[in-house]
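These notes concern the structure reproduced below.
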Amino acid sequence: MTLKELFDKAVLREILDGLKTTFKHLFVKPVTFQYPHEKRAIPDAHRGALCLLRYDDGAERCVGCDLCEAACPSRCIKVVSEEDPETPLRRIATEFYIDITKCVFCGFCVEACPVNALAMTKMYEYSTANKRDLMFDKPKLYQIGDQMLVDAKKYLVAHNQEENDEAAMQYRYKFPYAPAKKS
Ligand code: SF4
Ligand code: SF4
């Protein structure tokens with residue numbers, strides 16, 4: 001054993017090093033949150049629970065076209081549609097299901113929708129002990145849409161689907177690399 005090793009053992013060097021690290025972190029702002037008492041600010045582009053949206057007059061936006069169902073890579077959307085008996089040639093969704101347990105939150109369904117009837121929200125607290133609760137049906141999806149309308153609209157703006165101007169661009173994802181410059 002060298003003299004240095006002997007000295008380190010005598011002064012309990014490893015314990016001192018550990019205490020030094022602990023002491024340094026006493027003055028560093030913690031990055032952790034005391035969830036659920038503290039909550040993060042969720043960005044507008046966040047992909048949380050899906051919802052269905054209405055027009056401002058309360059009419060359902062969804063026309064039952066099935067494009068979201070076709071775009072879904074997880075095959076977790078089911079739309080049943082029929083002609084609106086009160087408005088011939090206009091179709092409506094009579095049933096709408098999203099199995100949120102299979103959803104991978106890719107957002108393809110939202111992009112596929114021609115009338116912006118679907119959006120994602122900042123809602124993420126819907127864990128449950130009953131898996132059946134995670135089959136979101138039409139009333140549940142409209143209820144989330146009514147409850148989270150402001151966030152849903154922000155999502156559509158963030159993903160450039162409702163507007164295509166400077167303000168909307170500011171909400172878009174920041175990519176980890178600089179986009180190629182146009183020559
Ligand atoms: S977010 Fe993706 S996986 Fe989820 S329902 Fe929409 S298309 Fe399907
Ligand atoms: S949510 Fe949009 S894409 Fe899906 S059926 Fe309704 S209108 Fe079509």
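Subtracting the Cα-Cα distance of A71 and K153 from their residue separation scaled by 0.36 nm leaves 27.4 nm. Exceedance of the 30 Å cut-off in Cα-Cα distance is limited, within the set K9/K29; K131/K153; K39/K140; K20/K122; K29/K131; K29/K153, to K9/K29; K20/K122; K29/K131; K29/K153. Stretched out fully, how many nm does the piece from R54 to K9 gain, at 0.36 nm a residue minus the Cα gap? So the chain would gain 9.0 nm between R54 and K9.
Once you've got the GNM for the chain with C-alpha springs shorter than 10 Å, pick whichever of T87, T21, T128 has the biggest mean-square fluctuation. Greatest mean-square fluctuation among the candidates belongs to T21. The alpha carbons of the range 50-169 stretch over 42, 39, 27 Å along the principal axes, in descending order. So which chymotrypsin sites (Phe, Trp or Tyr not before Pro) in the range 13-119 end up in coil per DSSP with only 11 or fewer other C-beta atoms within 10 Å? Loop-located and lightly packed - F27, F33, Y55.
Just so you know, all these numbers are worked out from the coordinates, no wet-lab data involved. Treat the numbers as computed from the prediction; the structure is a model and nothing was measured. Glycine also receives a Cβ, built like all others from the backbone with ideal geometry; neighbour counts cover every protein chain displayed.
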